[in-house]
Amino acid sequence: MSLDPLAHQDAAAPRWLSIVGVGEDGIDGLSAAARAIIADAEFVFGGKRHLALVGALVRGVARPWPSPLTVDAVLAQRGRRVCVLASGDPFWHGIGALLARHVAAEEIVALPAPSAFSLAAARLGWAMQETTLLSLHARAVDLLCRHLQPGAQVLALTSDGSAPAAIARLLSESGFGSSRLTVMEALGGPRERIRTCAARDFGEAEVDPLNTIAIEVVAEPGARVIPRAAGLPDALFEHDGQITKREIRAVTLSALAPRRGEMLWDVGAGAGSITIEWLLADPSMQAVAIEARADRVARIWRNAAALGVGPAVREGTAPAALRGLSTPDAVFIGGGASDPGVLDAAIAALRAGGRLVVNAVTLKTEALLIARHAAAGGELTRLSVARAKPLGATTAWQPALPVTQWLWVKP
């Protein structure tokens, strides 16, 4: 393979697509190779801001991105000399990763520029490998919540001038108001501006939509810190009593055995605690919470926002509500397992090697699980938890309802 970034052809495949990272310094920040690629392109795609920054170099047809964004117009020019402009590093929350889903690496020349994360870390003197890097571009600022750990350093990209104030409010309301908040605007260009204050003191200052936020997390007493282990305190969830309790939840998540990138169906989700903790296991995790009651669906959304995750939620009753969902790697049934067709629908949908975990508290559902275990195998476990609580002038054990759990792995 040729190492020359200007070589659009090699022995394996034509390199018709070039992706060039552009900073706020525009042409001045581009290498000679990047300038030549832009000038040589028959078509140059990019945002209006990017096209304006390098407009003096463009000789071909300038094509701004449509809204909503699609790369169909780029793919339609396959085989022509096409250049796509990107912000900074095209493969760091950028257009490069999207294009690479449709175009082989052997057909691409990529010339990245420093990302906003790199520029921000350089301004602050932060080690990037010790920093949480997060994109909040067109996403809820609540996604920060899971990363607010004492002493953590967080860099977050936003695309909205109102986001820094929203982040400051979130920090203050969650017990992190003393955190040091640095707002960096238009990094790397002539409009660059950097301001620092405590989160609680930020107010409603005007901020450029192109901004990066740095947070040095300080947790005040009583701050809402989300533990890293499974089995979060029940108090972190809003619920009406329909929740898999902490100790049972920890055992249930262990049985579900989340692995990177897997999909969970949480049937009869209640407060959504299993869904939420599944998603907290890794940023790549996916989950659908299925819940029949509208008030509980709303509660799942509130709990998910408070704990910084974004599940899919479907209102409806299984098995009908399961139709059309992506194939699950794991299914948890916390309610409704004895309803007609629910277990069979879950088993049929589960991929080979997937895990099914069902918790029962009623005798009817327990009898069903015992019968299924006898017929299909798996693991049957009886879980019992008791808590010490006041009883008159003394203290006694108060047992919770015992739970029978069936774990089955699909052959």
Checked against (1) touching an Asp or Glu at 6+ places or on another chain (Cβ under 6 Å); (2) part of a strand (DSSP E or B), R260 satisfies every condition except (2)
Checked A163, A138, A127 against criteria (on the phi > 0 side of the Ramachandran plot, free of Cβ contacts under 8 Å to residues at least 60 places away in the same chain and not assigned by TED's automatic domain parsing to the domain that holds A41); the one match is A138
When segment 56-94 is checked residue by residue, the ones that are in contact with a helix residue (DSSP H, G or I) (Cβ under 9 Å, 6 or more places away or on another chain) and either in a helix (DSSP H, G or I) or not assigned by TED's automatic domain parsing to the domain that holds R35 (or both) are A56, L57, V74, L75
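Could you please let me know if I276 is among the aliphatic types (A, V, I, L, M), touching a residue at least 24 places away in the same chain (Cβ under 8 Å) and surrounded by fewer than 23 Cβ atoms within 10 Å (Cβ to Cβ)?
Here the answer is no, as I276 does not meet what is asked.
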Of the residues in segment 95-108, those that are in contact with a strand residue (DSSP E or B) (Cβ under 6 Å, 6 or more places away or on another chain) and either free of Cβ contacts under 8 Å to residues at least 40 places away in the same chain or assigned to a loop (DSSP other than H, G, I, E, B) (or both) come to V103
Per the filter on segment 117-138, residues surrounded by fewer than 17 Cβ atoms within 10 Å (Cβ to Cβ) and at pLDDT below 95 are H137, A138
Considering segment 340-377, residues that are surrounded by fewer than 16 Cβ atoms within 10 Å (Cβ to Cβ) and under 15 Å from P411 (Cβ atoms), and then whichever is nearest to the chain's Cα centre (by Cα), we arrive at R351
When (1) surrounded by 18 or more Cβ atoms within 10 Å (Cβ to Cβ); (2) at pLDDT 95 or above are applied to R195, the one that fails is (1)
Exercise. Does at least one position in segment 248-257 carry a residue that is modelled with pLDDT of 95 or more, in contact with a strand residue (DSSP E or B) (Cβ under 9 Å, 6 or more places away or on another chain) and of a type in the set (S, T, Y)?
Worked result: yes
Residue pairs qualifying under the 7 Å Cβ cut-off, at least six apart or on distinct chains, with the first in segment 195-214 being assigned to a loop (DSSP other than H, G, I, E, B) and the second being surrounded by 12 or more Cβ atoms within 10 Å (Cβ to Cβ) and hydrophobic (A, V, I, L, M, F, W, C), are F202/A165; F202/A168; F202/L181; E204/A165; V207/V183; D208/A186; L210/A186
Note on A320: of the conditions (1) under 25 Å from the mean Cα position of the chain (by Cα); (2) surrounded by fewer than 21 Cβ atoms within 10 Å (Cβ to Cβ), unmet is (1)
Within segment 311-351, restricting to residues that are assigned to a loop (DSSP other than H, G, I, E, B) and among the β-branched types (V, I, T), the one that is nearest to I243 (Cα to Cα) is T317
The lone condition T244 fails out of (1) in a loop (DSSP other than H, G, I, E, B); (2) surrounded by fewer than 18 Cβ atoms within 10 Å (Cβ to Cβ) is (2)
Right, A400: within 24 Å of A269 (Cα to Cα), surrounded by 14 or more Cβ atoms within 10 Å (Cβ to Cβ) and at pLDDT below 95 or not? yes
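Condition check: within 17 Å of R299 (Cβ to Cβ), outside the structural domain of V141 (by TED's automatic domain parsing) and outside any loop (DSSP other than H, G, I, E, B). Does T252 satisfy that?
No; evaluated as a whole, the condition is false for this residue.
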Meets criteria (among the charged types (D, E, K, R), within 30 Å of D72 (Cβ to Cβ), within 21 Å of the chain's Cα centre (by Cα) and not in a strand (DSSP E or B)) for R139:
yes
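The values are calculated or read from the model by the stated rules, or taken from the named source; none is laboratory data. Quick caveat, the model's predicted, so the values are computed rather than measured. Note that each Cβ is placed from the backbone with ideal geometry, even for glycine, and that neighbours are counted across all protein chains shown.
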